[in-house]
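The values are calculated or read from the model by the stated rules, or taken from the named source; none is laboratory data. Here the structure is a predicted model, which means the values were calculated and not measured. Methodologically, a virtual Cβ is constructed for each residue, glycine included, from the backbone with ideal geometry; neighbour enumeration extends over all protein chains shown. Heads up: the accessible areas ignore ligands, DNA and RNA and are worked out on the full protein's heavy atoms, side chains in. Shrake-Rupley method; radii C 1.70, N 1.55, O 1.52, S 1.80 Å.
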Amino acid sequence: MCGIVGYVGAGQAVDFLIHGLHRLEYRGYDSAGVAVIGQDGQIHVVKTAGRIAALEELLAKQPLTGRIGIGHTRWATHGPATDANAHPHLGGNGAVAVVHNGVIENYESLRARLEAEGYRFRSATDTEAIAHLIAEAVRTATGNGKGPAPLDELIQAVQAALAQLQGTYGLAMLFRDWPDLILAARRGSPLIIGVGQKEHFVSSDPSSLIGYTDKIVALADHELAVLTADGVRVVHRDHGHINPSVQVLDWSAAEVSRGGYPHYMLKEIFEQPESIRNTMRGRLDWDEATARFGGLNLSPQELRRVRRIVFTGCGTSWHAGLVGEYLIETLARLPVEVEYASELRYRNPPLENDTLLFAITQSGETADTLAALREMKRKGLPTLAICNVVGSSIAAEADGGVYLHAGPEIGVASTKAYTCQCTVLVLLALYFGRLRHLGFDDGLRILEHLQQLPDRVSDALQTSPQVREIAEKYASSEHFLYLGRHFNFPTALEGALKMKEISYIHAEGYPAAEMKHGPIALVDRQTPSVFLMPQGAVYDKVLSNLQEIKARGGPVIAVVCRGDRKAAQLADDVIEIPAVPEFLQPIVSVVPLQLLAYYTAVARGCDVDKPRNLAKSVTVE
């Protein structure tokens, strides 16, 4: 959701800015722009509503040259997607340029005061208030703009302006009177500093830095960074100058390219066998018949005393939490609750001291999940993260956690991150189960099935040509039902979400037995029902639910274990997947649903990797 890039060095800033913005397109946006300090010492801005391609066309007509600049892709919050509302925004008659991720909650009162003082607003955004506020603070603190003041005075002025903001922000700023530096600041919205040789970068997402540097500094809340070609200085609001921790970014350029696939989403679907292997690498403990984790930061004795687990997340991560509920209650006999993060942060449920919270997130920056984590920490609960991005806010603020090692996920609709989250949850269920009641032989059997899991997912991917034919058959449908039971109920929810996200078809997921309590009213000849019914304890029950749909003329797509003749005789279309134990079925059975959503969206001419209105990382409430 929105993207920030910035560059200072010996090269042409626009080259990196455009490259970086393209890398951030997957986050979701509706306008784009850049600002560069030119050879004349002035800040020059080019911006437009629409895609980055439209910005490149403008830059071809209005070239910007300069060795320092900032850029932005905007996902509209305050004001529609127009040229005027696109970032960057100028403050103080061109003295400051600002790009901003986040939401300023008191911008209306700030705007009213600044307008009363003579500042003219040219947009409907909250960001322009930041630009004028900073320009005013700098002008007041540094001698009414009579030449550049010492750097420390600039920092103090900007910090004073930021102290007046209520809400969240990730900011990158240019200053006409300090033409050799960028200031970057954050509170609640991620910013990464890239450390290079005689050049430095700022970005809201590390993927834009791949190919330029593998050394990064993740800014924390209330930190402000000063970037010049020669170095980085970090100042904390309360603690003054600090020594930043430089981390190594282990993503490769190949991982953020499409690699010959028409879309990132399809590439990431087919990467799942390898990403699952990476998630499990080093975590299968055959000697102890359990899973091994290096970052939980809680001893086995402390974990043995846990009596209740709460999973929290949003969207696909919430669905993974539901899978985790079935897994841990089945394998570890521990009670589990799954909470929407947006509700947990405000609901104030009673939580006992022996409760452990897991925050599940792909990006590690989801605003609602971060806020829920902070609220639970405030209450004194131990908190752990299941996350894919090293150095992200949630990974940094949790007491410990597990990285997915899924590699970068560019497609907005999560695929490989979801199956890796579910894989981690299987490992955690095994770990907790072995701490409590699972025997050694039980643990070994689970490890053996886990070791075979990537090959089973590869087998499921072989359904791709068949799923494509089914998708094209039903692509004109306007409604889908997804039905499953037990371990496959969350899979039904996830399959429906994928279909909604990228094809814009209305889809709903339900427990199959609940279908007769309302959703069956939706069944007609134009509404396909997707049944998840691999062999298991409730297979016969789901088969009966399927017959109820067929009796009312509804078309049925059945996802079944290979060789299932009963379902093949009843369903209109059958997708066969390899048989796996029930606790691994959510990881295997979701694969054809991902493919079904993808090929349906392609058949309908949708923008698969950048679906309308959506953002990859939702950093606003």
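Overview of values
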quantity	calculated
Accessible-area value, Cys420, 1.4 Å probe, nucleic acids and ligands omitted, Å²	0 Å²
Among the listed pairs Lys416/Lys500; Lys500/Lys541; Lys267/Lys500; Lys500/Lys566; Lys47/Lys198; Lys416/Lys541, those beyond 22 Å (Cα-Cα)	Lys500/Lys541; Lys500/Lys566; Lys47/Lys198; Lys416/Lys541
In Å², nearest 10: area of Arg187 left accessible to a 1.4 Å probe	50 Å²
Largest to smallest accessible area among Trp75, Trp286 [probe 1.4 Å]	Trp286, Trp75
Distance between segment 373-405 and segment 569-587 - C-alpha centres, whole angstrom	34 Å
Estimated distance in nm for a label pair at Asp354 and Ala54, the labels positioned 7 Å out from Cα along Cα-to-Cβ	5.9 nm
Accessible-area value, Thr316, 1.4 Å probe, nucleic acids and ligands omitted, Å²	20 Å²
Centre separation in Å (Cα based) which lies between segment 456-476 and segment 298-369	33 Å
Considering only the chain, percent of DSSP beta bridges that pair antiparallel, nearest 5	65 percent
Kyte-Doolittle mean at least -1.0, axial Cα span of 24 Å or more - DSSP H helices of the chain	416-436, 440-461, 585-603
The chain, helix-only ellipticity at 222 nm - DSSP H runs n ≥ 4, -39,500 (n - 2.57), divided by all residues, nearest 500	-11000 deg cm²/dmol
Segment 6-45-segment 204-228 distance, computed between alpha-carbon centres (Å)	15 Å
DSSP-defined antiparallel bridges as percent of all bridges, segment 496-621, nearest 5	0 percent
Heavy-atom accessible area ranking, 1.4 Å probe, most first, across His319, His405	His405, His319
Heavy-atom accessible area ranking, 1.4 Å probe, most first, across Asp609, Asp540	Asp540, Asp609
From the coordinates shown, log10 I(q)/I(0) by the Debye sum over Cα atoms at q = 0.08, 0.09, 0.12 Å⁻¹ corresponds to which of [x] -0.82, -0.95, -1.27; [y] -0.60, -0.75, -1.19; [z] -0.57, -0.73, -1.32	[y]
